[in-house]
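Some notes on the structure that comes next.
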Amino acid sequence: MPFANDRARSLWARTRVRVWPDRYVLASLAPSLTGAAMALLGQQPAPGFTAVVLERDEVSVTLPEVVWASSQLPRRAEAGPFRVVTLDLDLDLDVCGFLAPAAAALAAAGIPIVPQCAFLKDHLLVPEAHLEAAVRVLEGLSAEAKG
């Protein structure tokens, strides 16, 4: 049984899998480029997906390929193209075990992911070549939870 508990199963039964239309890049920048990274986020057409993580060692940004391509920022590293898959269900922050079955099922299928969680929803960066398989796996989890 892939679900950690009845609450996780119940949430997966209501989860829709949403794929954002753009292709995305995940890039690592020096922390000194925080202001420039934030300016790039402002170039994202709304509504769209972007993410930024600022920590001691880097600024990590997830942006549409077209936005990133126009940037001249010095990159430490970048990867892509990714597609963003949203597990479209508002989650409470006290939920335990919601993302675990997705990570396990995708790993078993040989699909790498980069989780990016927001306040309400969980998102997964999936290499574009694995998108169709990832969607099948995630929709299968939802169907199994509805059982």
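Read the figures in this text as sums done on the coordinates, not as results from a lab. Since this is a predicted model, take the numbers as computed values, not measurements. When we count neighbours, we look across all protein chains shown, and the Cβ atoms used for this are built from the backbone with ideal geometry, even at glycine.
Can you name the residue in segment 58-79 that is of a type outside the set (A, V, I, L, M, F, W, C) and out of contact with any Ser or Thr (no Cβ under 9 Å at 6 or more places or on another chain) and, of all such residues, is farthest from Trp20 (Cα to Cα)? Working first, answer last.
Keep residues of segment 58-79 that are of a type outside the set (A, V, I, L, M, F, W, C), which gives 58, 60, 62, 64-65, 70-72, 74-76, 78.
Retained after the next criterion (residues that are out of contact with any Ser or Thr (no Cβ under 9 Å at 6 or more places or on another chain)): 65, 70-72, 74.
Values: Glu65: 13, Ser70: 20, Ser71: 21, Gln72: 25, Pro74: 26 Å.
Here the residue is Pro74.
Scanning segment 1-29 for residues that are in contact with a strand residue (DSSP E or B) (Cβ under 7 Å, 6 or more places away or on another chain) and of a type outside the set (Lys, Arg) yields Thr15, Val17, Val19, Trp20, Asp22, Tyr24, Val25, Leu26, Ala27, Ser28, Leu29. When we screen Asp6, Asp22, Asp88 for residues that are among the acidic types (Asp, Glu), crowded, with 16+ Cβ neighbours inside 10 Å and closer than 28 Å to Arg136 by Cβ, the only hit is Asp22. Under the condition of being among the aliphatic types (A, V, I, L, M) and in contact (Cβ under 8 Å) with a residue 60 or more places away in the chain, the residues counted in segment 54-78 number 0.
Just name the residue that is farthest from Arg18 (Cα to Cα) out of those in segment 121-141 that are in contact with a Phe, Trp or Tyr (Cβ under 8 Å, 6 or more places away or on another chain) and buried (at least 19 other Cβ atoms within 10 Å of the Cβ).
Quick first cut of segment 121-141, residues in contact with a Phe, Trp or Tyr (Cβ under 8 Å, 6 or more places away or on another chain) only: 122-123, 125-128, 141.
Those left that are additionally buried (at least 19 other Cβ atoms within 10 Å of the Cβ): 122-123, 125-126, 141.
On the way: Asp122: 11, His123: 9, Leu125: 12, Val126: 12, Leu141: 14 Å.
Of everything passing the filter in segment 121-141, Leu141 is farthest from Arg18 (Cα to Cα).
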